[in-house]
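Everything below concerns the one structure shown next.
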Ligand SMILES: C[S@@+](CC[C@H](N)C(=O)[O-])C[C@H]1O[C@@H](n2cnc3c(N)ncnc32)[C@H](O)[C@@H]1O
């Protein structure tokens with residue numbers, strides 16, 4: 001289950017990659033702008049503001065996220081990105097920090113290209129931090145005898161990870177698109193107690209939270225907290241650096 005308030009706790013850090021992504025889309029008057037995996041809708045709102053004449057279509061597989069988006073006035077619907085079909089007037093597709101949850105998303109991306117109109121934009125960003133200590137340590141803890149039986153199947157495995165920018169660039173240029181792909185590591189400055197634990201609780205730990213009872217979840221977190229504190233030490237001024245790599249792709253249908 002996604003918790004919109006937990007997710008929005010780091011809204012500033014989480015929204016910057018979105019703006020870096022959509023800043024590379026130069027569509028002037030798109031007819032339909034689609035936000036796949038719109039989350040709580042705070043960023044979808046900015047698409048509507050940027051392209052006021054466009055029909056904005058938003059969807060997310062989480063009913064809680066869709067409810068939060070609807071509260072903001074976004075006409076979002078509950079749907080899985082794997083079932084999405086582009087309407088013929090879809091000029092811009094954005095999917096920010098979603099496709100890492102979708103195994104096989106490479107095929108999905110390639111399948112959309114021939115169904116989008118000429119000149120359409122397909123822009124997405126995925127975290128590229130599966131090899132970062134924050135993820136490696138979670139997987140290692142989940143694989144210990146104490147947790148393995150319940151968590152093995154819910155933890156994202158390395159082979160579920162995303163491609164490098166070159167991988168997506170090749171995929172989409174082979175599908176006929178002009179592609180702009182890059183990566184950025186944001187050196188995020190977090191504050192508060194156990195901020196990295198709080199960060200991953202809102203995203204990567206979500207399937208683990210769902211799989212455990214309240215009691216076991218508290219125990220899992222208490223085992224993980226000191227590990228993350230060691231990997232991401234608190235500095236003398238009370239802040240913590242949390243480097244975060246992200247992969248960006250903006251493709252243009254010919
Ligand atoms: C990290 S949040 C990103 C939300 C929003 N795009 C943003 O940038 O703030 C990931 C979102 O992907 C959604 N999601 C995960 N798997 C999905 C799927 N298969 N289909 C649609 N949405 C999905 C989640 O429900 C969640 O809202």
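None of the figures in this text is laboratory data; all of them are computed from the coordinates on show. These numbers were taken from a predicted model, which means no experiment stands behind them. Here Cβ is always computed from backbone atoms with ideal geometry, including for glycine, and neighbour counts include all displayed protein chains.
So how far apart, in nm, are the two label points at residue 20 and residue 140 if each is 7 Å from Cα heading toward Cβ?
Here the modelled spin labels are 2.7 nm apart.
Ranking 135, 105 by Cβ neighbours within 10 Å, fewest first, what do you get?
Arranged by neighbour count, lowest to highest, 135, 105 become 135, 105.
Ranked highest first by the average count of other Cβ atoms within 10 Å around their residues, in what order do 46-55, 64-73 fall?
Most protected by this proxy first, the peptides run 64-73, 46-55.
Taking the Cα atoms only, what angle lies between the long axis of helix 133-142 and the longest principal axis of the chain, rounded to 10 degrees?
Helix 133-142 sits roughly 60 degrees off the main axis of the chain.
Where does each of 191, 44, 77 land when they are ranked from fewest to most other beta-carbon atoms within 10 angstrom?
If I rank by nearby Cβ atoms, fewest first, I get 191, 77, 44.
Kindly express, to the nearest 10 degrees and within the range 0 to 90, the angle between helix 214-231's C-alpha long axis and the longest C-alpha principal axis of the chain.
It works out to around 90 degrees.
Just want to confirm a number: the relative contact order over the chain, from Cα pairs under 8 angstrom separated by 6+ residues, in percent.
Taking the mean separation of contacting Cα pairs over the length of the chain, I get 23 percent.
Given a Förster distance of 41 Å, report the FRET efficiency between residue 231 and residue 180 from their Cβ-Cβ distance, rounded to the nearest 0.05.
0.80
Using a/c under 1.5 as the rounded threshold, could you call the chain rounded, prolate or oblate? The axes a ≥ b ≥ c are square roots of the C-alpha gyration tensor eigenvalues, and prolate needs a/b larger than b/c, oblate otherwise.
prolate
Would you order 199, 182 from fewest to most other beta-carbon atoms within 10 Å of each residue's own beta-carbon?
Ordered from fewest to most neighbouring Cβ atoms within 10 Å, 199, 182 come out as 182, 199.
Antiparallel versus total DSSP beta bridges in the chain: what percent is that, nearest 5?
For the chain, the DSSP antiparallel bridge percentage is about 55.
What do you get for the angle between helix 165-174 and the principal long axis of the chain? Use alpha-carbon atoms, 0 to 90 degrees, nearest ten.
Value to nearest ten degrees: 30.
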